[in-house]
Amino acid sequence: MMKKGEKYENHYLNEVIFRINFSNIPALSVNNKEVANDFHERISKIFPNTIIKRNHAINIEIDSDTGKSTQITQDGSLLWIFKNRKYNKSVELTSNSLILHYKKGAYTHFRYFLEDVTLLISALKEYNPKDLSFLGLRYINQIDGKSIAELKECINPKYFSEYIMGLDEEEEFIQVLNRLSIKKEDYILNFQYGLFNAAYPNPNFDKDFILDFDCTTKKVKAIDSVADELKQMRKYVQCKYEESITNVLRKEMIREDTNE
């Protein structure tokens, strides 16, 4: 486990994602491309770039007598996307959801991530979101650049399949992914781990080990409680992450940091 004053400098975080769902906000349901201007003005210092897309949903009406489709329509509500200057952070706003997505290299510390979330929540509050129905915090770690033997030294044995090391000579390893779902109080943690193959089913691939922690809850008290909820979710994820790695990987990533 990390000690006080230490932090992971050379981490393997590939993506970090925050999401909140709420009941439909009529002002954001319309097709007016200017409707999210106030939201963007409040976040433009961090997310100056704007992209607007159609958030298409296909609606098919079925004739109850014939069973045939009688009408196909598309809901053309808008999806607002706001990006930072480096284009490694993005915000997606719809009439019933808000997503903050960090790509590889964007995440340096939870404190700064929480500052971005707080900025977005403050802007969202102007639309008076109600009936918060979902809150999610996801950390996807991709441990790359290592051999199978090296990965075995980095990952807790209970999360590393011994079958990988014991294939017959005529067998070629393709992929092994496992999924564990855990409930703790109001939180559900979906944990995916294993060797991921982006070139599946090609057996010649980079043997990257995935530690994907997706923590969610459907019991969100109020918009002002989101930051506190995320702190608790992050602690839960951090605990499970520490459990899944060994001191070999920990020593590779860690550095002294008296300012944190």
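Which one of ASN141, ASN202, ASN156, ASN197 is of a type in the set (S, T, N, Q) and within 30 Å of TRP80 (Cβ to Cβ)?
ASN141
Could you please give the count of residues in the range 178-232 that are out of contact with any Gly (no Cβ under 8 Å at 6 or more places or on another chain), part of a strand (DSSP E or B) and among the aromatic types (Phe, Trp, Tyr)?
5
Hey, does the range 200-212 have a residue that's over 25 Å from GLU153 (Cα atoms), surrounded by 13 or more Cβ atoms within 10 Å (Cβ to Cβ), modelled with pLDDT under 95 and touching a helix residue (DSSP H, G or I) at 6+ places or on another chain (Cβ under 7 Å)?
Checking the range 200-212: not a single residue is over 25 Å from GLU153 (Cα atoms), surrounded by 13 or more Cβ atoms within 10 Å (Cβ to Cβ), modelled with pLDDT under 95 and touching a helix residue (DSSP H, G or I) at 6+ places or on another chain (Cβ under 7 Å).
Looking only at the range 83-129, which residues are closer than 15 Å to ALA36 by Cα and small (Gly, Ala, Ser)?
Within the range 83-129, SER95, SER97, SER122, ALA123 meet the criteria.
Residue check: is LEU132 buried (at least 18 other Cβ atoms within 10 Å of the Cβ) and part of a helix (DSSP H, G or I)?
So LEU132 does not fit the description; no.
Does LEU120 satisfy being crowded, with 19+ Cβ neighbours inside 10 Å, of a type in the set (A, V, I, L, M, F, W, C) and touching an Asp or Glu at 6+ places or on another chain (Cβ under 7 Å)?
In short, no.
Which of the residues that make up the range 90-110 are closer than 21 Å to THR216 by Cβ and without any contact (Cβ under 8 Å) to a residue 60 or more places away in the chain?
SER90, VAL91, GLU92
The values are calculated or read from the model by the stated rules, or taken from the named source; none is laboratory data. None of the values given here were measured: they were computed from a predicted structure. Glycine gets a Cβ as well: all are built from the backbone with ideal geometry, and neighbour counts include every protein chain shown.
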